[in-house]
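Peer 1: Sharing a structure below in structure tokens format, with a few things to ask.
The values are calculated or read from the model by the stated rules, or taken from the named source; none is laboratory data. Worth saying up front: this structure is predicted, and the values here are computed from it rather than measured. With ideal geometry, Cβ positions are generated from the backbone for all residues, glycine too; neighbour counts draw on all protein chains shown. Ligands, DNA and RNA are excluded from the accessible area calculation, which covers all protein heavy atoms including side chains. Shrake-Rupley method; radii C 1.70, N 1.55, O 1.52, S 1.80 Å.
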Amino acid sequence: MNIGVCGYYGMGNFGDDLFLKTFQQIFSNHIVYPWNSHMDQSKTERVIIGGGDLITPYSFHPYYFPQALENHPTWVYGVGIVDNYPEETWPPDQVEKYRSYISKAKSASFRDQRSADIASKAGFHAKVRKVQDIVFAYSEKHFPIKRFSNRPTIGICVFSYPSYPFENMVKLSMHLIQKGYHIVFIPVINHPSNIYSDFKTCENMTKSIKEISPAASVQTLPLLMDLDLTYNYIQSMDFLISYKLHPALVALRAGKPVFALSQMSKVSSLLASFGMDKYMCNYQLPYEEIQAKVDTFLKESTQVIQKYEPAIRSAEKESLKQILALKKEIESRKFVK
């Protein structure tokens with residue numbers, strides 16, 4: 001069976017590419033490919049719209065909800081709704097476009113409770129439900145990564161928007177290095193043509209730290225790493241500080257403590273489900289507050305993450321069970337174009 005998957009694929013974004021890889025693993029007995037306009041719609045038998053914040057109700061996004069596939073058997077699975085814009089600012093005509101498209105889907109499943117609640121309120125589908133993040137079902141490959149340093153390591157995943165608090169992060173990194181940690185900046189948007197590629201930010205962080213202290217224990221990992229290699233690098237850290245959701249999820253799967261510098265509800269939802277929501281703060285807070293919270297995190301979090309390991313294993317089992325149920329439904333002969 002040919003299954004087209006609609007999402008933000010092929011631009012080196014770690015979380016999105018993991019969505020696609022997970023679908024390809026689960027549907028390994030079928031042909032699963034990222035949809036684009038060069039694909040033959042007449043030979044695409046099933047459609048999954050899946051992964052990431054694909055619903056931006058202030059502006060309908062036809063790339064993720066293509067007109068060419070509108071009448072194909074379609075499943076909306078594991079998507080999120082962006083939370084940067086209040087509901088009262090959403091243009092009714094754009095919301096209606098989403099409602100019209102999604103309501104035709106065989107099912108509509110959302111990655112977090114907030115997204116599911118908004119979808120229900122907006123009437124996107126008659127039966128809205130919440131599912132675990134798809135990436136919890138990814139079949140991990142374990143590479144023999146050696147330690148980066150004799151020091152305890154802290155991996156840091158940054159972002160490259162103009163709002164990135166560069167000076168504060170240099171200051172925090174120096175503070176952690178002086179406390180005896182080795183810092184590893186890990187690019188997770190590693191396609192050079194992506195305007196949000198974070199490799200240069202990682203390099204600039206390392207450069208600035210070295211200018212302050214040439215012998216500083218810090219490094220940036222290479223650009224264009226294999227997805228599974230990036231995955232293993234994240235899991236090889238002793239701690240992770242991340243602005244992004246899926247590096248945090250991957251570290252948690254390995255039982256590694258995570259501190260999130262984020263404003264996103266999807267990140268707080270992830271950490272809260274494992275009792276670690278106290279280890280998150282807005283990156284726009286004053287530096288002194290952030291440093292104090294990170295220091296507390298480094299003292300406490302190893303014991304906390306051990307306590308919640310059963311909940312993490314449960315999330316993995318639930319995610320796999322849910323996506324296998326999706327597979328069974330998609331493979332059902334009752335769905336025809």
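Peer 1: I want to confirm something. Restricting to segment 11-58 and keeping residues that are of a type in the set (S, T, N, Q) and free of Cβ contacts under 8 Å to residues at least 40 places away in the same chain, which single residue is least open to solvent (accessible area, probe 1.4 Å)? Lay out the reasoning, then the answer.
Peer 2: Going through segment 11-58, the residues of a type in the set (S, T, N, Q) turn out to be 13, 22, 24-25, 28-29, 36-37, 41-42, 44, 56.
Imposing the further condition that a residue be free of Cβ contacts under 8 Å to residues at least 40 places away in the same chain reduces the set to 24, 28-29, 36-37, 41-42, 56.
Working: 24: 70, 28: 93, 29: 96, 36: 50, 37: 104, 41: 87, 42: 81, 56: 19 Å².
The qualifying residue least open to solvent (accessible area, probe 1.4 Å) is 56.
Peer 1: Condition first: open to solvent by 30 Å² or more (accessible area, probe 1.4 Å), at pLDDT 95 or above and more than 20 Å from residue 233 (Cβ to Cβ). Now tell me which residues in segment 175-206 satisfy that.
Peer 2: Of everything in segment 175-206, those that are open to solvent by 30 Å² or more (accessible area, probe 1.4 Å), at pLDDT 95 or above and more than 20 Å from residue 233 (Cβ to Cβ) turn out to be 175, 178, 179.
Peer 1: Sticking with this structure for a sec: Restricted to segment 112-131, and to residues that are polar (S, T, N, Q) and open to solvent by 10 Å² or more (accessible area, probe 1.4 Å), which residue is modelled with the highest pLDDT?
Peer 2: Among them, the one singled out is 120.
Residues are listed down the side, and each one gets a yes or a no for (1) open to solvent by 70 Å² or more (accessible area, probe 1.4 Å); (2) acidic (Asp, Glu); (3) under 30 Å from residue 12 (Cβ atoms); (4) touching a residue at least 12 places away in the same chain (Cβ under 8 Å):
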| site | (1), (2), (3), (4) |
| --- | --- |
| 258 | no, no, yes, yes |
| 267 | no, no, yes, yes |
| 285 | no, no, yes, no |
| 289 | yes, yes, no, no |
| 324 | yes, no, yes, yes |
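Peer 1: Next up: Taking residue 303, is it in a helix (DSSP H, G or I) and at pLDDT below 95? So that I can check it myself, show each step before the final result.
Peer 2: Details: in a helix (DSSP H, G or I): yes; at pLDDT below 95: yes.
So residue 303 fits the description; yes.
Peer 1: From 327, 293, 266, grab the single residue that is part of a helix (DSSP H, G or I), at pLDDT below 95 and either within 23 Å of residue 51 (Cβ to Cβ) or more than 18 Å from the chain's Cα centre (by Cα) (or both). So that I can check it myself, show each step before the final result.
Peer 2: Details: 327 fails: at pLDDT below 95; 293 fails: at pLDDT below 95.
Residue meeting the stated conditions: 266.
Peer 1: Please state which of the following conditions residue 274 fails to meet, knowing it meets all the rest: (1) open to solvent by less than 10 Å² (accessible area, probe 1.4 Å); (2) of a type outside the set (A, V, I, L, M); (3) in a helix (DSSP H, G or I).
Peer 2: Of the numbered conditions (1) open to solvent by less than 10 Å² (accessible area, probe 1.4 Å); (2) of a type outside the set (A, V, I, L, M); (3) in a helix (DSSP H, G or I), the odd one out for residue 274 is (3).
Peer 1: Let me ask another. Say whether the condition of being open to solvent by less than 10 Å² (accessible area, probe 1.4 Å) and either free of Cβ contacts under 8 Å to residues at least 12 places away in the same chain or aromatic (Phe, Trp, Tyr) (or both) is met by at least one residue in segment 72-79.
Peer 2: So the first thing to find is which residues in segment 72-79 are open to solvent by less than 10 Å² (accessible area, probe 1.4 Å), and the list is 73-79.
Narrowing the set further to residues that are either free of Cβ contacts under 8 Å to residues at least 12 places away in the same chain or aromatic (Phe, Trp, Tyr) (or both) leaves 75, 77.
Yes, there is a match, as at least one residue in segment 72-79 is open to solvent by less than 10 Å² (accessible area, probe 1.4 Å) and either free of Cβ contacts under 8 Å to residues at least 12 places away in the same chain or aromatic (Phe, Trp, Tyr) (or both).
Peer 1: Can you list the strands (runs of 3 or more DSSP E) lying wholly within segment 53-158 that have 2 or more residues being touching an Asp or Glu at 6+ places or on another chain (Cβ under 8 Å), hydrophobic (A, V, I, L, M, F, W, C) and closer than 28 Å to residue 25 by Cβ?
Peer 2: The qualifying strands (runs of 3 or more DSSP E) are 74-79.
Peer 1: Out of (1) touching a Phe, Trp or Tyr at 6+ places or on another chain (Cβ under 9 Å); (2) outside any helix (DSSP H, G or I); (3) under 22 Å from residue 281 (Cα atoms), the odd one out for residue 222 is which?
Peer 2: (3)
Peer 1: Can you work out which of the residues in segment 207-231 that are touching a residue at least 40 places away in the same chain (Cβ under 8 Å) and surrounded by 19 or more Cβ atoms within 10 Å (Cβ to Cβ) is farthest from residue 262 (Cα to Cα)?
Peer 2: 217
Peer 1: Consider residue 109 against the criteria (1) open to solvent by 10 Å² or more (accessible area, probe 1.4 Å); (2) polar (S, T, N, Q); (3) under 21 Å from residue 18 (Cβ atoms); (4) touching a strand residue (DSSP E or B) at 6+ places or on another chain (Cβ under 9 Å): it satisfies all of them except one. Which criterion is unmet?
Peer 2: Of the numbered conditions (1) open to solvent by 10 Å² or more (accessible area, probe 1.4 Å); (2) polar (S, T, N, Q); (3) under 21 Å from residue 18 (Cβ atoms); (4) touching a strand residue (DSSP E or B) at 6+ places or on another chain (Cβ under 9 Å), the odd one out for residue 109 is (1).
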